[in-house]
1. Per the Kirkwood definition applied to all pairs of different Cα atoms, how many angstroms is the hydrodynamic radius of the range 55-106?
2. Express in nm, to one decimal, how much length is gained between Asn181 and Arg168 on full extension, taking 0.36 nm for each residue of separation and deducting their alpha carbon distance.
3. How would you rank 126-136, 109-119, highest first, on the average number of other Cβ atoms within 10 Å across their residues?
4. Calculated from DSSP H runs of 4 or more alone, at -39500 (n - 2.57) each and per residue, what is the 222 nm mean residue ellipticity of the chain, nearest 500?
5. Largest first and in whole Å, what are the equivalent-ellipsoid semi-axes of the range 4-191 based on the Cα gyration tensor, each being the root of 5 times an eigenvalue?
6. If you wrap a convex hull around the C-alpha atoms of the range 69-168 and split its volume per residue, what is the figure in Å³?
Amino acid sequence: MDLSGLHIAVGERVFLALHVPENLLHVHAWYNDPDIQQLSAGGAAVVSLEASRCRLERWMNPPSDQRHWAIHRLTDGRLLGFLHLVAIDFDEATCKVGIVIGEKDCWGYGYGGEAVRLACEYAFRELDVFRVSAEVLADNLRSHRMLSREGFILEGLQRAAATREGTRVDVSLFGRLKTDNRTDSEKAESMN
Ligand SMILES: CC(C)(COP(=O)(O)OP(=O)(O)OC[C@H]1O[C@@H](n2cnc3c(N)ncnc32)[C@H](O)[C@@H]1OP(=O)(O)O)[C@@H](O)C(=O)NCCC(=O)NCCS
């Protein structure tokens, strides 16, 4: 599929693009994946195809305080996951980022980190926000590591702030400011 007109941001490994209806079955599969559910608030619950279709439609027609994008691998265009900027508050200049690399064989290759970096650059430059925050389950160590590498600071622990499979769990709060120092990844890139 030609996605060239839908590109939002392009990095070295991934590009962010607007969602298209063809993403439905991928999004549906990721929301029903037990491993991904285990790493997300809410936990195990069967999501119907209709619910996934409604979700994707909302992502393709988001309200003004949200941006929803698909993450594609740069080399072959493979759809890897999705990312969103939500709760965009133009008065306070803040927003939240959320990400899922749904294709599990692609975890740990730097795709998630670069997607978050591209989204932060977009948020700071295009939305003129000052702060991007991320909330992740406290035991999601891969996500902690990826956010820390991308310049997010662990700011606190929100006790029992979410549920997973009916159990209350802690949520880590991360933040990155426009004025923060460059990330390890950005420093490495500038040395190449
Ligand atoms: C969290 C997620 C987005 C990260 O994407 P990714 O492409 O795997 O991330 P990256 O490859 O950029 O970075 C992963 C980091 O975790 C590290 N890591 C891998 N497995 C790990 C583990 N079991 N425990 C701790 N860290 C781990 C990697 O070494 C890497 O860090 P490093 O580059 O400093 O060595 C992806 O794994 C995912 O979608 N998971 C399921 C959904 C989810 O957890 N979403 C989180 C919401 S923010």
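FYI, it's all coordinate maths here, none of it is from the lab. Predicted, not measured: the structure shown is a model, and the values here were computed from it. Don't worry about glycine lacking a Cβ; one is built from the backbone with ideal geometry, like all the others, and counts go over all protein chains shown.
1. 12.1
2. Details: separation 13, 0.36 × 13 = 4.68 nm, distance 3.45 nm.
Extending this stretch completely gives an extra 1.2 nm.
3. Result, highest mean Cβ count within 10 Å first: 109-119, 126-136.
4. Result for the chain: -8500 deg cm²/dmol, rounded to the nearest 500.
5. Working: eigenvalues 107, 90, 57 Å².
The equivalent ellipsoid of the range 4-191 has semi-axes of 23, 21, 17 Å.
6. Values: hull volume 11.9 nm³, N = 100.
Per residue, the Cα convex hull of the range 69-168 comes to 119 Å³.
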